[in-house]
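Participant: This structure is in structure tokens; I'll ask about it shortly.
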Amino acid sequence: MAQIATIPNLEVLDFGLMDFVSGHHGAIAASQMRSPGQFEHRLIARAKAEVAAAALANGVVPAHNVCLNLKDAHVVRQDAARARSEFGFLRMWSIYPAQIKPIVEAMQPDFDEVNDAAAILLAAQKADWGPTQYNGELHDRATYRYFWIVLEKAKATGMAVPPSALEQFFA
């Protein structure tokens with residue numbers, strides 16, 4: 001997996017759950033192609049982690065497999081949220097129109113974190129990008145990079161970004 005992730009101009013590395021399960025010649029039950037098994041079966045979880053880690057280590061976007069449930073938004077949202085929070089996937093494939101909105105919502109950053117990101121980055125800019133303090137915690141260039149990604153993701157997924165940050169960073 002790590003070698004594939006280094007291919008020049010590769011943009012996305014995705015995990016194909018159904019191909020993975022069928023490639024194990026019956027050693028993994030079909031029931032593991034849906035939640036919760038797809039996140040808890042050890043072989044599948046290991047493979048998901050390896051795909052995401054290889055992609056992220058090489059600047060490639062890790063994309064999670066489809067959800068077999070086509071119409072239950074809660075199930076789709078939960079799958080996308082687990083893929084993002086537990087494995088680091090940044091995108092998820094949809095195969096049915098009803099899946100798009102819950103996937104986008106699950107991939108959005110936390111609203112409070114977006115507000116914190118805006119406040120931290122605005123304070124950092126005032127401090128000439130030197131270390132700053134926010135809510136009693138130290139922040140520096142490493143956390144600024146993280147919070148910049150939070151703001152970018154919020155904007156890209158249609159979340160409300162505080163107007164001061166929009167004006168300062170996205171004008």
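Participant: Scan the range 23-60 residue by residue and report those that are of a type in the set (Val, Ile, Thr) and over 17 Å from Glu86 (Cβ atoms).
Facilitator: Ile28, Val60
Participant: If you check Phe89, Phe147, which single one turns out to be surrounded by 18 or more Cβ atoms within 10 Å (Cβ to Cβ), aromatic (Phe, Trp, Tyr) and in the same structural domain as Ala45 (by TED's automatic domain parsing)?
Facilitator: Criteria check complete, one pass: Phe89.
Participant: Which one of the conditions (1) touching a Pro at 6+ places or on another chain (Cβ under 7 Å); (2) farther than 15 Å from Ile103 by Cβ does Arg77 fail to meet, given that it meets all the rest?
Facilitator: (2)
Participant: Take Asp72 and decide whether it is free of Cβ contacts under 8 Å to residues at least 12 places away in the same chain and acidic (Asp, Glu).
Facilitator: yes
Participant: Same structure again: Pick from the range 15-61 the residues that are small (Gly, Ala, Ser), touching a Pro at 6+ places or on another chain (Cβ under 9 Å) and more than 19 Å from Gln78 (Cβ to Cβ): which of them is surrounded by the most Cβ atoms within 10 Å (Cβ to Cβ)?
Facilitator: Only one residue tops the list, namely Ala55.
Participant: Okay, moving on. Would you mention how many residues in the range 67-80 are out of contact with any strand residue (DSSP E or B) (no Cβ under 7 Å at 6 or more places or on another chain) and crowded, with 21+ Cβ neighbours inside 10 Å?
Facilitator: Going through the range 67-80 one residue at a time, the tally reaches 3.
Participant: Return the residues of the range 92-107 that are touching a Lys or Arg at 6+ places or on another chain (Cβ under 7 Å) and crowded, with 18+ Cβ neighbours inside 10 Å; say none if nothing qualifies.
Facilitator: Selection gives Pro102, Ala106, Met107.
Participant: Can you tell me which condition Ala119 does not meet? The list is (1) outside the structural domain of Tyr144 (by TED's automatic domain parsing); (2) surrounded by fewer than 21 Cβ atoms within 10 Å (Cβ to Cβ); (3) small (Gly, Ala, Ser), and all the others hold.
Facilitator: (1)
Participant: Quick check on the range 88-129: of everything there that is of a type in the set (S, T, N, Q) and part of a helix (DSSP H, G or I), which residue is nearest to Asp14 (Cα to Cα)?
Facilitator: Gln99
Participant: Go through the range 37-65 and report how many residues are within 18 Å of Ile103 (Cα to Cα) and either assigned to a helix (DSSP H, G or I) or modelled with pLDDT under 95 (or both).
Facilitator: So the count comes out to 4.
The values are calculated or read from the model by the stated rules, or taken from the named source; none is laboratory data. What you see is a predicted model; the values in this text were computed from it and never measured. Here the Cβ is made from the backbone with ideal geometry for all residues, glycine too, and neighbour counts use every protein chain on show.
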